[in-house]
1. Take the stretch 91-107 and flag every residue that is over 19 Å from Ala134 (Cβ atoms) and either touching a His at 6+ places or on another chain (Cβ under 7 Å) or open to solvent by less than 40 Å² (accessible area, probe 1.4 Å) (or both).
2. Here are some conditions: (1) open to solvent by less than 80 Å² (accessible area, probe 1.4 Å); (2) at pLDDT 90 or above; (3) acidic (Asp, Glu). Asp47 meets all but one. Which one does it not meet?
3. For the stretch 108-138, give me each residue that is surrounded by 17 or more Cβ atoms within 10 Å (Cβ to Cβ) and touching a Gly at 6+ places or on another chain (Cβ under 8 Å).
4. Could you list, in sequence order, the residues of the stretch 68-90 that are free of Cβ contacts under 8 Å to residues at least 24 places away in the same chain, open to solvent by less than 80 Å² (accessible area, probe 1.4 Å) and closer than 25 Å to Ser132 by Cα?
5. Which residue, of Ala116, Ala107, is touching a Pro at 6+ places or on another chain (Cβ under 6 Å) and not β-branched (Val, Ile, Thr)?
6. Here are some residues: Gly126, Gly62. Which one is at pLDDT below 65 and over 20 Å from the mean Cα position of the chain (by Cα)?
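The values are calculated or read from the model by the stated rules, or taken from the named source; none is laboratory data. Note that this is a predicted model, so its numbers are computed, not measured. Neighbour counts are summed over all protein chains in view; Cβ atoms, including those assigned to glycine, are modelled from backbone coordinates with ideal geometry. In case anyone asks, the SASA skips ligands and DNA or RNA and just uses the protein heavy atoms, side chains included. Shrake-Rupley method; radii C 1.70, N 1.55, O 1.52, S 1.80 Å.
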Amino acid sequence: MKHSTTPQTRRGRGPARRVGRTLALVLPVVLVLSGTLAVARVNWSGDPQSPVLTAADTAASGSSSRAAARAPQEVLRDKLLVELQEKDPGVALTHLQQAVNDRPSLARHCASIARALGRAAVRVYGPTKAQSYARPVC
């Protein structure tokens, strides 16, 4: 066996190198998939009433537990939309303000609920009448 006088290095054979190569191959795939899923989840129509149906939603749509476990802001929004149609937008806005004061955790959803109420008011009352109920709430 012949021995070389130059020291041999173990380039490319260590565990750290293998982990680095694995990450270099796997990380771009994970980023692309997560970005694709994020883009697929966004409601691009601009209409908050039109549902965005994703694969996860279709799988869970048959379960009754999903309907029972609705987020508090969704329950509040639906209640206020019904109230808007039965009474008027002013009453719904007042109750939105009271709900946010009672439960500060709803404050971050206040603007989106107010927008939903505004769109519904325009549909029900027309733009001029709906504007007469407008006031700062959030």
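1. So the first thing to find is which residues in the stretch 91-107 are over 19 Å from Ala134 (Cβ atoms), and the list is 101-107.
Once the filter is applied, which keeps residues that are over 19 Å from Ala134 (Cβ atoms) and either touching a His at 6+ places or on another chain (Cβ under 7 Å) or open to solvent by less than 40 Å² (accessible area, probe 1.4 Å) (or both), the stretch 91-107 yields only Leu106.
2. Only one criterion in (1) open to solvent by less than 80 Å² (accessible area, probe 1.4 Å); (2) at pLDDT 90 or above; (3) acidic (Asp, Glu) is unmet by Asp47, namely (2).
3. Scanning the stretch 108-138 gives Ala130, Tyr133.
4. Within the stretch 68-90, Asp78, Val82, Glu83 qualify.
5. Values: Ala107 fails: touching a Pro at 6+ places or on another chain (Cβ under 6 Å).
Of Ala116, Ala107, the one residue that is touching a Pro at 6+ places or on another chain (Cβ under 6 Å) and not β-branched (Val, Ile, Thr) is Ala116.
6. On the way: Gly126 fails: at pLDDT below 65.
Unique residue meeting the criteria: Gly62.
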